[in-house]
Amino acid sequence: MPLFTAVVALLIPEYDQQYFKWIAAVFVLLLVLPIVLSYRFPANKEKAYRLTIMYQLYAFTFFAAFPLLKVLKGSIVIQLLLVGFFIGIYFLARFDQRTEVPILFPDSDKRKWLAIPFYAVPVLLAIFSFGGNHRVTRRFFETHGYDFSMTYISIILYLFACWLLFLFSSLAYKSFVKEKRWEK
């Protein structure tokens, strides 16, 4: 999964040598991560493997945020704000899981309605991104121009990456911390 998104992040919207270095650095870290975690947790290999999978899912979402950073490459302040917001989503998910009634996987049946807006977000993003219809997407690019259309699609992809990061962080926190699967 991270390899696929790394290739997408490298090529969309256009190839850029500077971003190739960043993507390659993150990908090399992902390749070295299982070795480092195996040495860090020599007695508990399962914990090392779970951490590796968790960090690879985080990298998958981070690579999905790269196209918007490439579209906005002229403004470093906006890029830093986008990366800061993306990292903030990780901590927001951790904070949400520590609340009395979390958005994801609420404990009481009476509060299940809190999760409905969260699960509606990818459906709305799919509708706003033309639902995978290539003809509509091509028509959108023809009528609105390449720059606007690529920014629009990159924003949709960035929002989906933020949604996935919130989901993965909540899943990891719930299973590893709340349910204490680290000890198993």
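The values are calculated or read from the model by the stated rules, or taken from the named source; none is laboratory data. Bear in mind the structure is a predicted one, so any value in this text is a computation, not a measurement. We place every Cβ from the backbone using ideal geometry, glycine too, and count neighbours over all the protein chains shown. Heavy atoms of the whole protein, side chains included, go into the accessibility calculation; ligands, DNA and RNA do not. Shrake-Rupley method; radii C 1.70, N 1.55, O 1.52, S 1.80 Å.
If I ask for residues that are open to solvent by less than 60 Å² (accessible area, probe 1.4 Å) and either on the phi > 0 side of the Ramachandran plot or aromatic (Phe, Trp, Tyr) (or both), which ones from the range 133-151 would you list?
Answer for the range 133-151, where residues must be open to solvent by less than 60 Å² (accessible area, probe 1.4 Å) and either on the phi > 0 side of the Ramachandran plot or aromatic (Phe, Trp, Tyr) (or both): PHE140, PHE141, GLY145.
Hey, could you check the range 1-25 for residues that are at pLDDT 75 or above and of a type in the set (Gly, Ala, Ser) and say which is surrounded by the most Cβ atoms within 10 Å (Cβ to Cβ)?
Within the range 1-25, the match that is surrounded by the most Cβ atoms within 10 Å (Cβ to Cβ) is ALA24.
Which pairs have Cβ atoms under 6 Å, sit 6 or more apart or on different chains, and link a residue in the range 73-94 that is in contact (Cβ under 8 Å) with a residue 60 or more places away in the chain to one that is among the aromatic types (Phe, Trp, Tyr) and open to solvent by less than 90 Å² (accessible area, probe 1.4 Å)?
Close Cβ pairs satisfying both conditions: ILE89/PHE166; ALA93/PHE166; ARG94/TYR173.
Inspect all residues belonging to the range 47-60 and state whether any of them is out of contact with any His (no Cβ under 8 Å at 6 or more places or on another chain), under 30 Å from GLY145 (Cβ atoms), open to solvent by 90 Å² or more (accessible area, probe 1.4 Å) and not hydroxyl-bearing (Ser, Thr, Tyr).
no
If a residue must be modelled with pLDDT of 85 or more and at positive phi, how many such residues does the range 83-129 contain?
The qualifying residues number 0.
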